[in-house]
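What follows is calculated from the coordinates using simple rules that are stated; it is not laboratory data. These figures come from a predicted structure and were not determined experimentally. Cβ coordinates were reconstructed from backbone atoms using ideal geometry, including for glycine residues, and neighbour counts include every protein chain displayed.
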């Protein structure tokens, strides 16, 4: 079950808290050190957490960088999934403790407060302000919500996504539904119309993604809050916070929705849509490339913004690029060159078109070739519209640990059909205990 992965959250938080207690503040490099050069290529180690075809895409991008920068050589190493508390972050933690951390790492967007609070990341504000391409104002609206901690930038948007609604246009046409649902009330109506068949050939109208990431959007969309403003108490068991997942569970109980369980639940959710087993599902825009390849010409499909309820709101997804504290000055300068190259318009467009992740720079929206690409691939444009509705996750160093309890609760609600109110209230009690240190 997925719970085996999320139980690592607490280990990351605990170990980093220990490190924070014994280590001093990060010192910024001097301008002279940043400009230091050498005849031999500067070696930069880069850890990333995207596997499969996405991992191949990362290696392709890195090889292009190395070819264009003979004075720098980036060695990119896959370290397992970067997703909240996953293998990459476990290995990063171990490397930090051993004094052998990489120079650059891909950091899952929800993990920034954990590592930044422990003083393990190089502050990047001064570098961004002086950059010709990566100033804060150069990025798309909402793109920087995950890159700061206590007003200081520690990351730069790297591979970024948002949760969206994927829908089967062919099934919608057969059901005489003209447009995708914009609200959860309409999801309820459409899911019933789209469900047909029986047994192994049954097609479900909707498939929730049983994961804490879209759950964040459901809490905010319902008008609820995850933590209090002062980050000292959990608030995600209120009627407003549970409104959307209650609606999803209702569809599940009535037979108009299904969910995937087990360690491959996310992959299987994507595949269920690709194979026409569900008419709508919640997924990452970063999976749109996989969907496009998998669907081919089997049916027409599209994407729509995450449905609204009381309001429209989504969390950031994907990862940011960070430079580890303690990285030597020459590697810092080379790493910053690498990050700026990756986020520049030409490369962020290449990355987006290869993978489905959103480009990060404002300037790409005015490039004719990218405008043409979006016109011929309208499914990929949804996320660009949705970016402005991003909300920052609570900036608590304890947040990943809290998400462990949330994920377990979601599995109870969807996999075991447990009552929503009492299940989430139990998770709130566990979260409050974590926040209070008990």
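Worth a mention:
- Separation of alpha-carbon centers, the range 239-296 and the range 40-55, rounded to whole Å: 31 Å
- Distance between the pseudo-spin-label points of residue 175 and residue 126 (7 Å out from Cα toward the beta carbon): 5.6 nm.
- Stretchable slack from residue 59 to residue 271, in nm (0.36 nm times residue separation minus alpha-carbon distance): 73.8 nm
- Shape call, the chain: gyration tensor on alpha carbons, a/c limit 1.5: oblate
- Cα shape, the range 222-274, gyration tensor, a/c 1.5 rule: oblate
- Approximate shape of the range 292-438 as ellipsoid semi-axes (Cα gyration tensor, √5λ), whole Å, largest first: 35, 27, 13
- Separation of the residue 374 and residue 362 label points, Cα + 7 Å toward Cβ, nm: 1.4 nm
- Most mobile of 98, 237, 334 in a GNM of the chain (Cα contacts under 10 Å): 98
- Approximate spin-label separation residue 433-residue 183, in nm, with each point projected 7 Å along Cα-to-Cβ: 4.0 nm
- FRET efficiency, residue 150 to residue 43 (Cβ-Cβ, R0 25 Å, nearest 0.05): 0.20
- Fluctuation leader among 70, 87, 315 - the chain, Gaussian network, Cα springs under 10 angstrom: 70
- Helix-only mean residue ellipticity at 222 nm for the chain, each DSSP H run of n ≥ 4 adding -39500 (n - 2.57), per residue, nearest 500: -13500 deg cm²/dmol
- Measuring nothing but alpha carbons in the range 243-374 and taking Rh as the Kirkwood radius, the Rg to Rh ratio lands at 1.06.
- Ranked packing of 110-117, 276-283, most packed first, by mean Cβ within 10 Å: 110-117, 276-283
- Note on the chain: antiparallel DSSP beta bridges, both residues inside, total approximately 65 percent of the bridges counted.
- If you sort the three axes of the alpha carbon gyration tensor as a ≥ b ≥ c, you get a/c of 1.5 or more for the range 151-213 and a/b above b/c, which makes it prolate.
- Fewest neighbouring Cβ atoms within 10 Å first, the residues 284, 352 line up as 284, 352.
- Fully extended contour minus Cα-Cα distance, from residue 385 to residue 68, at 0.36 nm per residue: 110.8 nm
- The chain: most fluctuating residue of 325, 130, 217 per GNM, C-alpha cutoff 10 Å: 130
- When 100, 138, 320, 190 are sorted by how many other C-beta atoms sit within 10 angstrom of their C-beta, beginning with the fewest, the order is 100, 138, 190, 320.
- Likely footprinting exposure, 250, 179, fewest C-beta neighbours within 10 Å first: 179, 250
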